[in-house]
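Step one of this worksheet: look at the structure below.
The values are calculated or read from the model by the stated rules, or taken from the named source; none is laboratory data. Quick caveat, the model's predicted, so the values are computed rather than measured. Because the Cβ atoms are built from the backbone with ideal geometry, glycine has one as well, and the counts that use them run over all protein chains shown. Protein only, heavy atoms only, side chains kept; ligands, DNA and RNA dropped before computing areas. Shrake-Rupley method; radii C 1.70, N 1.55, O 1.52, S 1.80 Å.
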Amino acid sequence: MLIGAGSYDNAQLPDLPAAARNVAALGGLLAVDGWTQVVDPLDVAAVLDPLRTASLQAEELLVVYYAGHGLLLGRRRDELHLAVGRSDLEKPWTAVPYAQVADLVRDSVATVKVVILDCCYSGRATSVPLMTAGPGVMEQVDVEGVYVMTSSPATRPSYAPSGSAFTAFTGALLDELAAAADGTDGQVGGSSHGAATVAGSGRCRAGCPE
């Protein structure tokens, strides 16, 4: 399931047109039949409902990719939420709690589960049960077959460079996937080496935070 949240009603959340392009490019490159693509979801249900369906239907592989704004909400403003079109920073219930995403992924019977978060503070996902990989590195977590990749540490933003077609992280990931498909680089899918190469890209240094 590929989610690109790039259009927002709240003026405090600038639009991220690259998010939709991320999804389209990944979908085209991966070319896997039956993958759900959710572009510019308006509310929490627009993400969690199709994710629940995907988690129930997946048997061999479940991939959950999100590009958009990462928010720190909750009583102490330390809980990772994924923004959608109608998210309001003063109303935590209008954004998708990452903990609920993790619950749906954890409950899936899929043999292999991969979560990729391209958003600010995505490293916060490492504090959620089953998600213990470091920022930018795809590692096997404490349940066999579960992997997570994040674009930034828990306390830092990710970037969408001005004028670029894609966000910095996903642009680098697309390059790695294309190289792997051409046989000119190491595998990315289950390889921590390929993911570490993505994490090392200097393209994350400029542009607008996600």
For the stretch 7-45, which residues satisfy the criterion of being at pLDDT 95 or above and among the aromatic types (F, W, Y)?
Y8
Of everything in the stretch 114-126, what is part of a helix (DSSP H, G or I) and of a type in the set (S, T, Y)? Give them in sequence order.
S122, T126
Scan the stretch 80-112 residue by residue and report those that are among the aliphatic types (A, V, I, L, M) and under 13 Å from V63 (Cα atoms).
V101, A102, L104, V105, V109, A110, V112
Within the group V143, V112, V101, V105, which residue is β-branched (V, I, T), at pLDDT 85 or above and open to solvent by 10 Å² or more (accessible area, probe 1.4 Å)?
V112
Those helices (runs of 4 or more DSSP H) lying entirely in the stretch 5-113 with at least 2 residues among the charged types (D, E, K, R) and in contact (Cβ under 8 Å) with a residue 24 or more places away in the chain:
98-107
Among (1) of a type outside the set (G, A, S); (2) more than 28 Å from A165 (Cα to Cα); (3) modelled with pLDDT of 95 or more; (4) open to solvent by less than 20 Å² (accessible area, probe 1.4 Å), which single condition is L73 missing?
(3)
Taking the residues in the stretch 8-28 that are over 16 Å from the mean Cα position of the chain (by Cα) and within 17 Å of D118 (Cα to Cα) as candidates, determine which candidate is surrounded by the fewest Cβ atoms within 10 Å (Cβ to Cβ).
P14
